[in-house]
Amino acid sequence: MAARCTDGGLHVGSSEFQSHLRALRQIDFELAYLVLLTREGLKPLSRWEKPLDEGVLGLLQQMHLATRQMRRTVKTGQEVIETVFSRTLACIRLYEQSFAGTPIDKSPATQRIEGFLFGYPPCCVEQYVRKPYAPNDLADRDREILFHWACPRCKVTPVLLDAYRSIHDLLSRC
Ligand SMILES: [Zn+2]
């Protein structure tokens, strides 16, 4: 199973890693899920749309993830802090160059860069840019574990779904 692979000398199935994962899951299941998807390489980078405290950032770093907090602004001008994490500094830098200090927007360019960094299939990103939420035939239980909206008759999402499902199941058990 993918979640048993090794990287950087740290075994994903090691008791240390599992205890970090359980600690994250207690804070928020979705945060732990994003962390594991990112650690497994299914997502080059993930964004948590809130600040995280030093303790949580430390946990992510012990799981061999680079982290960065960034200031953005919303429409009202109010400032928000986002946290991004990735196995590689290169992805953090791409996100930082593209979005640090900028207003949050949903332009096609933004969606394409985000889609690339978040590991979304390009076909789904292009469909979403043209017409968001075009009907697809995914079951609700599949939609719930994805972070992108699958394009109609997508050829990539079913492959991704198997990998996402095994990570989601592993997290539910650990
Ligand atoms: Zn697609």
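The values are calculated or read from the model by the stated rules, or taken from the named source; none is laboratory data. Because the structure is a prediction, the values reported are computed rather than measured. Backbone-built Cβ (ideal geometry, glycine too); neighbour counts: all protein chains shown.
In region 112-129, the residues that are of a type in the set (Phe, Trp, Tyr) form Cβ pairs under 6 Å with partners that are within 12 Å of the ligand (Cβ to nearest atom), at six or more places apart or across chains, as follows: 120/148; 128/149. Give region 14-62 a look and list any residue that's over 20 Å from residue 113 (Cα atoms) and touching a Lys or Arg at 6+ places or on another chain (Cβ under 6 Å), or say none. Answer for region 14-62, where residues must be over 20 Å from residue 113 (Cα atoms) and touching a Lys or Arg at 6+ places or on another chain (Cβ under 6 Å): just 32.
Could you say which residue among 144, 114 is surrounded by fewer than 15 Cβ atoms within 10 Å (Cβ to Cβ), at pLDDT 95 or above and acidic (Asp, Glu)? Give the steps one after another, and end with the answer.
Working: 114 fails: surrounded by fewer than 15 Cβ atoms within 10 Å (Cβ to Cβ).
The match here is 144.
Within region 62-79, residues that are hydroxyl-bearing (Ser, Thr, Tyr) sit with their Cβ atoms under 8 Å from residues that are assigned to a strand (DSSP E or B), at 6+ positions apart or across chains, in these pairs: 67/83; 67/84; 67/85; 73/79; 73/80; 73/103.
Out of region 24-56, which residues are in a helix (DSSP H, G or I) and buried (at least 17 other Cβ atoms within 10 Å of the Cβ)? Before you say what the answer is, go through the steps one by one.
Of all residues in region 24-56, those in a helix (DSSP H, G or I) come to 24-27, 29-39, 54-56.
Result: 24, 25, 31, 32, 33, 34, 35, 36, 37, 38, 39, 56.
Between 54, 49, the distinction of being touching a residue at least 24 places away in the same chain (Cβ under 8 Å) and acidic (Asp, Glu) belongs to 49 only. Per the conditions (1) farther than 28 Å from residue 73 by Cβ; (2) in contact (Cβ under 8 Å) with a residue 60 or more places away in the chain, the sole criterion not satisfied by residue 134 is (2).
Would you confirm, using the coordinates I've provided, whether residue 21 is under 22 Å from residue 174 (Cα atoms), modelled with pLDDT under 95, surrounded by 12 or more Cβ atoms within 10 Å (Cβ to Cβ) and over 18 Å from the mean Cα position of the chain (by Cα)? Step through it out loud before you land on a result.
Details: under 22 Å from residue 174 (Cα atoms): yes; modelled with pLDDT under 95: yes; surrounded by 12 or more Cβ atoms within 10 Å (Cβ to Cβ): yes; over 18 Å from the mean Cα position of the chain (by Cα): no.
Answer is no for this residue.
Within region 90-110, residues that are of a type in the set (S, T, N, Q) reach partners that are modelled with pLDDT of 95 or more with beta carbons closer than 6 Å, at six or more positions or on different chains, in the pairs 98/113.
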